[in-house]
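Below is one structure; the comments refer to it alone.
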Amino acid sequence: MKDMGVNAIRTSHNPADEDFIDLCNKLGLLVIEEAFDAWTYPKNGNRNDFSKYFNTRLTSDNKILGGNSSMTWSEYVIRSMTGRDRNDPSIIMWSICNEVSQGGNSDSTYGTIADNVIDWINSVDNTRPVTCGDISKPTSDNTNDWYFAIVYYCHIFIH
């Protein structure tokens, strides 16, 4: 990849393997690490994606390191990913999602969910920007809809 001029990678849809991040550190590749492909609604009809667990709380008898019953699986995953990789020099940005609006999260909960996930990341690492990969189809023939979709896709959330 480096021979063809690549210097950055966006992992996709779930936290990257620790060995992958270590390899990027050694090779000098920059990484945008992405956490989720689905939030609270199944994406593209897949009823067994992470949306099934996104708002599910960990059980009180869980034996998960760093997990407790006050956390949802989404909070646990994002805090674990950020905590594990926050000291890795290859990480330049955190990505909170990939096209979750395809699953229905383009409703009024989108901003609230995004704010929560960004807050969880910033509570662990506030040194890097947070972004998302998402785009929506226009709701009418109004060209402004495309403009806002593209701007939203490229927008970097910084709290």
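The accessible area of residue 123, taken with all protein chains in place and a 1.4 Å probe, comes to roughly 70 Å².
Accessible surface computed residue by residue for segment 1-114, with neighbouring protein chains in place and a 1.4 Å probe, gives 54 Å² per residue.
Cross-link partners for residue 26 among the aspartates and glutamates, with Cα-Cα distance under 18 Å and sequence neighbours closer than 8 places in the same chain left out: 3, 17, 18, 85, 88.
With a simple spin-label model that places each label point 7 Å from the Cα along the Cα-to-Cβ direction, the separation between residue 6 and residue 63 comes to 3.8 nm. Note on surface exposure: 99, 18, 34, 75 rank 18, 99, 75, 34 by accessible area, highest first, 1.4 Å probe.
The values are calculated or read from the model by the stated rules, or taken from the named source; none is laboratory data. Note that the structure is predicted; figures quoted are calculated from it, not measured. Neighbour counts are summed over all protein chains in view; Cβ atoms, including those assigned to glycine, are modelled from backbone coordinates with ideal geometry. Calculation scope for accessible area: heavy atoms of the full protein, side chains included, ligands and nucleic acids excluded. Shrake-Rupley method; radii C 1.70, N 1.55, O 1.52, S 1.80 Å.
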